[in-house]
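The values are calculated or read from the model by the stated rules, or taken from the named source; none is laboratory data. This one's a predicted model, so the numbers in the text were calculated from it and none came from an experiment. All Cβ positions, glycine included, derive from the backbone under ideal geometry; neighbour counts span all protein chains shown. The area values use the complete protein model at the heavy-atom level, side chains included, leaving out ligands, DNA and RNA. Shrake-Rupley method; radii C 1.70, N 1.55, O 1.52, S 1.80 Å.
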Amino acid sequence: MMVYLLSGVILALMTALALLLSRLYAMKLHYKDPKKDKSPDLKKTWAKFDELLSSLMVIHNLGVVGAGKTKQSEFFQTALDNACDLVNSSRGSIMVYDEQARELKITASRGISREVVETTHIKTGEGIAGRAFEKGETIFVTDPSMNPQYKGFMGYQEQSEPFISIPLKVKEKSFGVLNIHLAKERSSFSDYDLKFLTILGGETAVTLENIKLYESIENFYLEMVQTLARIIDAKDSYTGDHASRARERAVRLAKELNMPEQMIRYVEYAALLHDIGKIGIDARILLKPGKLTNEEYSEIKKHPVIGYQILAPIDFLAPVAQMVLYHQEWYNGMGYPEGLKGEEIPFGSRIVAAIDAWDAMRSDRPYRKALSREIAVEELKKGAEKQFDPKVVEAFLRMEEKEFQEESANSKK
Ligand SMILES: [Fe+2]
C-alpha cells in the first residue's frame, strides 16, 4: 500500500513539475523578443529548461511504463536505457542482488559484452557497485583505474572511464544498483545528471516494487483460476486435462501468429478459462450422453456469458473476459451469444475457438470415439470461413504439421 502511495506521490509531483516546465517552455515559444533572444544568459537558461524538461519527461515516462504492467526484465531494460539516454552514455548496467548466491548479477545492460554480462558476479562490498550496494549510497569515481581498491572488478576497458553506481533501494534496503559509464572525454557528471539519475534510481525501485506486487497478485489469481479450470474439467464430460492442453496449444498458436507478448498471455488465460462458465450449468446436462433437447441446449449456450460474468470483475483479466465471452461465435456470424461476425470477434476468441474444436475432435466423447488426425485436419479446413477464421486455421495447421513431423521423426529414432 505504502509503495503505491509513494509511487503515486512521486508520479504526481513529476507530472506537476513537468507540466509547469512545459508551460514555461510554451511561453518561451510565444515570446519573441529579438534583443532578449540574443542574450547568451537567457539562451543558456532556456537550454537548461529544455534539458530539465526532457529529463523530467524521461523519469515520468519510466513511471508510466512501469504502471503499464510490464514484466520485471523488460522494465529493468527500459529503466537502464532511460538512465543512459539521460546522460548520453552508451554503456551501463543494472545489477540485482541474488539472495541465494549472495552476489550482484547483471539483469540489464547496454554496450557491455555478453561474456561480461554472464560472468560478472560481484559480492557485497566489492568494487564500486558492491560498495554502493552495501553502503546504500551513490558512488562516483572519475578514474577507477587510479583507485587500487576498485581494480579488477569491472573489466579492463571500463576501468578508466568515469563511473557512477547508484543503489536501488526500497524502504532503505538496497536490492540492486544502477551503473553508468561515461565516455572518457566527459570527465564528470553534471549536478543535474547526478540529481536526475538519483531520482530515476528511486523511481525505478518504487516502480519495480509495484511490478513485483502486481506479478504476485497475478500469480495468485492465475493459481486460483487454474484451480477453477480443473474443477470445470472434472465437471465437463470429456478428458481430465482439456484446459491445460488447450492452454499450451493456444500459446504456441499465438506465437505462430506473431502476437505481442501481452496478448499471448491473454490468449493463454482465455484458452485455460474459456469454459469456466460451465460451472454454472447443471452437470446432468453437461454429462448427458444422448442428444440434447432445445431447452438443454439453450442452457449450455449460457456458458460464455456466465464465464464473462465470473472473469469481468478481475481487473487484469478484462481482455480475457472478452475473449471468453465470444469464444463460441462463428466467423460467418452463426455462433452465439451475439452472432458477431469476422473481425468483430476478438482475435483471441477466434484462436480459442479453433483450438477448442480441435481438442474436442481429437478426444473421446460420451457419444463417439476421438477422430483421427487426418479427419480432424479436414474438418478444420472445412470449417474455415464458416466457423473459424481462415487465418487462424492456416496457422494452426502449419503448427500442427510441424509438430506432427517432429513427433514422427522422434518416434523413428
Ligand atoms: Fe465453450
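A few remarks follow.
- By a 1.4 Å probe calculation restricted to protein chains, Met259 has an accessible surface near 20 Å², given to the nearest 10.
- Couplings 3J(HN,Hα) of the range 303-311, computed from phi: 5, x, 5, 4, x, 4, 5, 5, 8 Hz, in residue order, whole Hz [Karplus 6.51 cos²θ - 1.76 cosθ + 1.60, θ = phi - 60°; x for Gly and Pro].
- Ordered by solvent-accessible area of protein heavy atoms (1.4 Å probe), largest first, the residues Asp191, Asp98, Asp275 come out as Asp191, Asp98, Asp275.
- Other-chain or far-sequence residues with amide H under 5 Å of Glu329's (modelled H): Tyr336
- Projecting the Cα positions of Ala384, Tyr308, Pro289 onto the charge dipole of the range 273-407 (unit charges on Cβ atoms of Lys, Arg, Asp and Glu, taken about the Cα centre) puts Pro289 furthest along the positive direction.
- Near-label residues of the range 343-375 by backbone N, under 17 Å of a point 7 Å along Cα→Cβ of Glu401: 373-375
- Length added when fully stretched, Glu248-Ala360, from 0.36 nm per residue minus Cα-Cα: 38.8 nm
- Nonlocal amide H pairs with Asp98, under 5 Å, H built at 1.01 Å: Glu103, Leu104, Lys105
- The residue list Val393, Asn410, Gly333 was ranked by how far each Cα lies along the charge dipole of the range 236-412 toward its positive end, using unit charges on Cβ atoms, and Asn410 comes out on top.
- Extension gain for Glu74-Lys369 works out to 101.6 nm (0.36 nm per residue, less the C-alpha to C-alpha distance).
- Estimated from the Cβ-Cβ distance and a Förster radius of 22 angstrom, the FRET efficiency linking Glu218 and Gln309 is about 0.60.
- Simple label model, 7 Å out from Cα along Cβ direction - Asp81 to Lys288, nm: 5.6
- Phe75, Phe133, Phe404, reordered so the largest accessible area comes first (probe 1.4 Å): Phe404, Phe133, Phe75
- Once the Cα-Cα distance is subtracted from the 0.36 nm per residue extended length, the Arg102 to Gln262 segment shows a gain of 54.4 nm.
- Percent accessible area from carbon and sulfur atoms, the range 236-412, protein chains only, probe 1.4 Å: 53
- Order of exposure, largest accessible area first, which applies to Lys288, Lys382 with probe 1.4 Å: Lys382, Lys288
- Unsatisfied cross-links (Cα-Cα over 23 Å) in the set Lys173/Lys212; Lys301/Lys402; Lys391/Lys412; Lys212/Lys278: Lys301/Lys402; Lys391/Lys412; Lys212/Lys278
- With eigenvalues of the C-alpha gyration tensor scaled by 5 and rooted, the range 283-413, Å: 27, 20, 15
- Take the Cα of Lys255, step 7 Å toward its Cβ, do the same at Lys386, and the gap between the two points is 3.3 nm.
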